[in-house]
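The values are calculated or read from the model by the stated rules, or taken from the named source; none is laboratory data. Computed from a predicted structure; not experimentally measured. For neighbour counting, all protein chains shown are included, and Cβ atoms are generated from backbone atoms with ideal geometry for every residue, glycine included. SASA here: full protein model, heavy atoms, side chains in, ligands and nucleic acids out. Shrake-Rupley method; radii C 1.70, N 1.55, O 1.52, S 1.80 Å.
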Amino acid sequence: MQWLLPARVDRQRQKLTRWWLRNLIRILPLRVRVQGTAPGQTALWVSNHVSWLDIVVLGAQAPVHFLSKAEVRNWPVIGWLASAAGTCFIQRGQGTSSTVQDQLNDVLAAGRSLVMFAEGTTTAGDRVRTFHGRLLAAAIEAQVPTQPVAVAYRYAGQRDAVAPFIDDDEFSQHLWRLLGSRDIDVEIHFLPLLDSSALNRNQLARSAHASVCQALGLDDGKSASEPAEVKAAA
């Protein structure tokens with residue numbers, strides 16, 4: 001039946017997911033401000049990573065899929081959010097890099113944009129760690145542009161300390177603090193697209209990293225203060 005075609009089902013699921021995420025944002029103390037425009041074409045989004053909230057605020061912007069470590073699938077609430085947002089879960093230590101690459105290539109080749117947190121872990125928002133170029137090769141292979149995205153959480157113009165999901169934080173405790181917080185301003189910057197065909201994967205990673213750092217006002221990816229220890233949120 002026509003309405004059961006995979007592409008149609010995926011579009012409907014993505015539409016419902018974005019509706020759900022936008023309503024979740026209304027419940028949370030978040031005020032989202034977007035600069036630039038999400039690409040209307042298939043692209044590999046490359047973003048810095050501060051919190052599980054990144055999935056919520058980015059997933060609400062456009063029909064996208066995410067890339068995450070496999071264990072996130074079993075996390076309470078976050079795992080459900082990630083699955084609903086169409087996450088590609090990767091089992092670390094199993095399979096080969098080519099298998100992962102093929103999985104990413106298939107998503108992009110099917111005309112579905114993919115969001116990648118290229119630092120591989122979260123930070124307190126006071127720095128942007130090195131972007132890993134290996135997985136960015138998917139954009140080159142699929143011949144789609146790379147969309148650098150910068151995400152920041154602020155209160156009264158300063159870096160917010162509640163939104164980051166770091167150290168040994170637990171989700172329930174973090175959510176409780178978040179719900180009791182004053183409004184947090186979320187800045188999403190859609191930066192100029194990068195031509196993936198004109199760069200190799202390492203050049204692409206460095207260019208995306210430089211764009212994100214510039215948008216966040218972080219020289220060489222760091223603020224003046226020492227960064228906190230971090231933990232992977234997705």
Note: A210 to E170 extended length (0.36 nm per residue) minus current alpha-carbon separation gives 11.3 nm
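Treat every Asp and Glu Cβ in the chain as -1 and every Lys and Arg Cβ as +1, leave all other atoms uncharged, and give the resulting dipole magnitude about the Cα centre to the nearest 20 debye. Walk me through the numbers before you get to the answer.
Working: 24 positive and 21 negative charges, 147 e Å.
Dipole about the Cα centre, nearest 20: 700 debye.
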Taking only the alpha-carbon atoms of region 150-204, the convex hull volume per residue, in cubic angstrom, is 132 Å³
Scoring the chain by relative contact order with C-alpha pairs under 8 Å, at least six apart, yields a percentage of 28 percent
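Quick one: if the Förster radius is 41 Å, what FRET efficiency do T99 and A156 give, using the C-beta to C-beta distance and rounding to 0.05? Could the numbers behind the result be given before it?
Numbers: r = 46 Å, r/R0 = 1.13.
It comes to 0.35.
Give the ranking of I184, I140, I166 by solvent-accessible surface, highest area first, calculated with a 1.4 Å probe. If you can, show how the numbers build up before the last one.
On the way: I184 0, I140 55, I166 25 Å².
The residues order as I140, I166, I184, largest area first.
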Most fluctuating of G217, G40, G125 in the GNM of the chain (C-alpha, under 10 Å) is G40
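In debye, nearest 20, what is the charge dipole magnitude of region 81-180 about its Cα centre with +1 on Lys and Arg Cβ and -1 on Asp and Glu Cβ, if you could check? Numbers along the way, then the final one.
Values: 8 positive and 10 negative charges, 44 e Å.
In total the dipole reaches around 220 debye.
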per DSSP, antiparallel bridges as share of beta bridges in the chain, % nearest 5, sits at 35 percent
Of the candidates Q143, V72, A124, the farthest towards the positive dipole end of the chain (Lys/Arg Cβ +1, Asp/Glu Cβ -1, centred on the Cα centre) is Q143
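Hey, could you grab the Kirkwood Rh for region 34-166? Inverse mean 1/r over distinct alpha carbon pairs, Å, one decimal. Walk me through the intermediate numbers first.
Details: mean 1/r = 0.0654 Å⁻¹.
One over the average 1/r among Cα pairs gives 15.3 Å for region 34-166.
Helix-derived [θ] at 222 nm for the chain: sum -39500 (n - 2.57) over DSSP H runs of at least 4, divide by residue count, nearest 500? Mind showing how you got there, number by number?
Details: 7 runs with 80 residues, N = 234.
Here the helix-only value at 222 nm equals -10500 deg cm²/dmol.
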Taking only the alpha-carbon positions of the chain as identical scatterers, the Debye log10 I(q)/I(0) at q = 0.08, 0.14, 0.18 Å⁻¹ comes out as -0.27, -0.88, -1.52
